[in-house]
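To start, the structure itself, in structure tokens.
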Amino acid sequence: MPRRERARGVLLGLALGDALGAPFEGRSRVARGQVEAWRDARGLMRWTDDTHMALTLSRRLLVDPDLADPDALGAAFARAYTNEPWRGYGSGPPQVFALVEEGLGFEEAAGSLFGGSGSFGNGAAMRVAPVGLLSAASDPVVAARLAAIQARVTHTHADAVDGATVIAQVVAGLTVTDRVGGDEVQQVVRATTERLPVGAVRERLVEVMNVVASGGVPQEAAARCGTGVAAAASVPAAVAALLGGRDPLEVVTAAIGFGGDTDTIAAMAGAMAGAAWGLERVPAGLLDRLEARGELEELAVALSST
Ligand code: F2R
Ligand code: MG
Ligand code: MG
């Protein structure tokens, strides 16, 4: 499958997971039938802050692929939030934007949140997938560096940075793999996990891989690591959904079924699954209902040729 098809799969997979998962955010478990009923309804499928921030990052990466000016990225996030504050943002990013208005730098402001520990939320991981589309990100060191730079604009806690690194490296690793089956996905996830620093994200990814390797279902793996807004829970949960599926719609539906932070787990899982398998098996009618589909596709193709 051509690289650009996988790239389209990444951004549309992200937006699809976000839009399909959004109505269920905060539920404890979601039955497959409920997701299918919402999926098969008519009308525009709107996405939330996850895709909104990923779009802003995508546009910024086309201008500044090295993210040499992180404050310009932060300012773009702040503008996007000001224009559409109703997208369902977490409390942390708007606090950062307000502190910057008062004169702090972005990283300084982000580091001051939550009593000075910085946010461990999944906001940096949910938006990072476009980093994995850049050619330079096929080098895992580059992917990790860019993931961390874009994270630290709003999220300075190590778990938030590690979570973003995982999504960027898995997307990058799968986007450049020619034929992807279950073994290749497992290899990319294992290599990504082994490169991570010791910490909560790595620990829970190891647990997810162990559950899946011993024949456990993704639901069981996700239940072990949790499905809340913390990056150390939701990023491994998204990986569990990826390891259990064979196409983006299946993966996204399973991820929503876990409950918890459904839009975000499904967005991250959808981006990784789109990198692995593209969109061939996703009904065109469903993609047609996705908000800003055309712009997402154009950005994906442009990023994959950068
Ligand atoms: N905000 C939401 N969902 C809530 C309701 C949405 C509703 N449907 C609506 O339409 O209004 N979802 C979005 O937020 C998550 C991403 O959050 P992000 O960007 O990481 O935000 P934040 O505030 O930095 O972190 C999230 C929460 O985690 C806890 N937390 C983080 N770091 C902490 C620390 N060091 N110590 C203690 N707690 C910490 C806080 O409760 C934060 O508010 C995604 O789900 C996205 O979809
Ligand atoms: Mg959201
Ligand atoms: Mg969410």
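Laboratory data are not the source of any read-out in this text; all were calculated from the coordinates shown. The shown structure was predicted, so the numbers you read here are calculated from the model rather than taken from an experiment. Note: ideal-geometry Cβ built from the backbone for every residue, glycine included; neighbour counts use all protein chains shown.
FRET efficiency for Ala213 and Ala191, Cβ-Cβ distance as r, R0 = 22 Å, nearest 0.05? After rounding to 0.05, the efficiency reads 0.90.
Rank the residues Phe77, Phe97, Phe106 as a footprinting-exposure proxy: fewest other Cβ atoms within 10 Å of their Cβ go first. Working shown, then result.
Working: Phe77 26, Phe97 20, Phe106 23.
With the sparsest Cβ surroundings first, the list reads Phe97, Phe106, Phe77.
Pairwise over distinct Cα atoms, reciprocal of the mean inverse distance: report the Kirkwood radius of the chain in Å, one decimal place. Can you show the working numbers first?
Values: mean 1/r = 0.0544 Å⁻¹.
Value: 18.4 Å, from the Cα pair sum.
Dividing the alpha-carbon radius of gyration of region 161-283 by the rule-of-thumb value 2.2 N^0.38 Å gives 0.92. With contacts taken as Cα pairs under 8 Å and at least 6 residues apart, region 47-129 reaches a relative contact order of 38 percent. In this simple spin-label model, placing a label point 7 Å from the Cα along the Cα-to-Cβ direction at both Arg281 and Arg79 gives a separation of 4.0 nm. Within the chain, no helix built from a complete DSSP H run reaches 30 Å or longer along its own axis (Cα positions) while carrying a mean Kyte-Doolittle hydropathy of 1.6 or higher.
On full extension, the segment bounded by Arg246 and Ala98 gains 49.0 nm, given 0.36 nm per residue less the C-alpha separation.
Under the 0.36 nm per residue contour assumption, what length would be gained going from the current alpha-carbon distance of Val176 and Glu203 to full extension? Working shown, then result.
Numbers: separation 27, 0.36 × 27 = 9.72 nm, distance 2.63 nm.
Taking Val176 through Glu203 to full extension adds about 7.1 nm, to one decimal.
Each listed q (0.11, 0.16 Å⁻¹) maps to a log10 I(q)/I(0) for region 26-135 from the Debye sum over equal C-alpha point scatterers, namely -0.44, -0.83.
Of Glu102, Glu291, how do they rank once you tally other Cβ atoms within 10 Å and put the fewest first? Mind showing how you got there, number by number?
On the way: Glu102 7, Glu291 15.
By the 10 Å Cβ count, ascending, the order reads Glu102, Glu291.
Cut-off 18 Å, label point 7 angstrom out along Cα-to-Cβ of Arg46: give me the residues of region 67-88 whose amide nitrogen falls inside. So the set is 80-88.
Peptide packing for 239-245, 298-304 was compared via the average number of neighbouring C-beta atoms within 10 Å per residue; ordered from the highest value, the list is 239-245, 298-304. Legend: translational diffusion of region 102-178 by Stokes-Einstein, Rh = Kirkwood radius over C-alpha pairs, 25 °C, 0.890 mPa s; D = 198 µm²/s.
Among Met1, Met126, Met53, which comes first, second and so on when ranked by fewest other beta-carbon atoms within 10 Å? Present the calculation step by step, with values, prior to reporting the outcome.
Values: Met1 15, Met126 33, Met53 25.
In increasing order of surrounding Cβ atoms, one gets Met1, Met53, Met126.
Under a Gaussian network description of the chain, with springs only between Cα atoms under 10 Å, the residue in Ala213, Ala254, Ala137 that fluctuates furthest is Ala213. Only one residue of Val208, Ala273, Thr177 has its Cα farthest out toward the positive end of the dipole of region 177-297, where Lys and Arg carry +1 and Asp and Glu -1 on Cβ, and that residue is Val208.
How large is the dipole of the chain about the Cα centre if only Lys and Arg carry +1 and Asp and Glu carry -1, each at its Cβ, rounded to the nearest 20 debye?
Numbers: 27 positive and 36 negative charges, 120 e Å.
Charge dipole, the chain, about its Cα centre: 580 debye, nearest 20.
Using +1 on the beta carbon of Lys and Arg, -1 on that of Asp and Glu, and nothing else charged, what's the dipole of region 76-192 about the Cα centre, debye to 20? It would help to have the intermediate numbers written out before the result.
Details: 7 positive and 11 negative charges, 31 e Å.
So the dipole magnitude of region 76-192 works out to roughly 140 debye.
Could you tell me the center-to-center distance, by alpha carbons, between region 238-280 and region 67-129 in angstrom? Between the Cα centre of region 238-280 and that of region 67-129, the gap is 26 Å. As I understand it, the dipole of the chain uses +1 on the Cβ of Lys and Arg and -1 on the Cβ of Asp and Glu, about the Cα centre. Which of Ala147, Gly115, Gln186 lies farthest toward its positive end? With unit charges placed on the Cβ atoms, the residue in question is Gln186.
Subtracting the Cα-Cα distance of Phe114 and Glu36 from their residue separation scaled by 0.36 nm leaves 24.3 nm. Name the residue, out of Thr51, Thr264, Thr193, whose mean-square fluctuation peaks in a Gaussian network model built on the chain with Cα pairs under 10 Å. Of Thr51, Thr264, Thr193, the Gaussian network model singles out Thr193 as fluctuating most.
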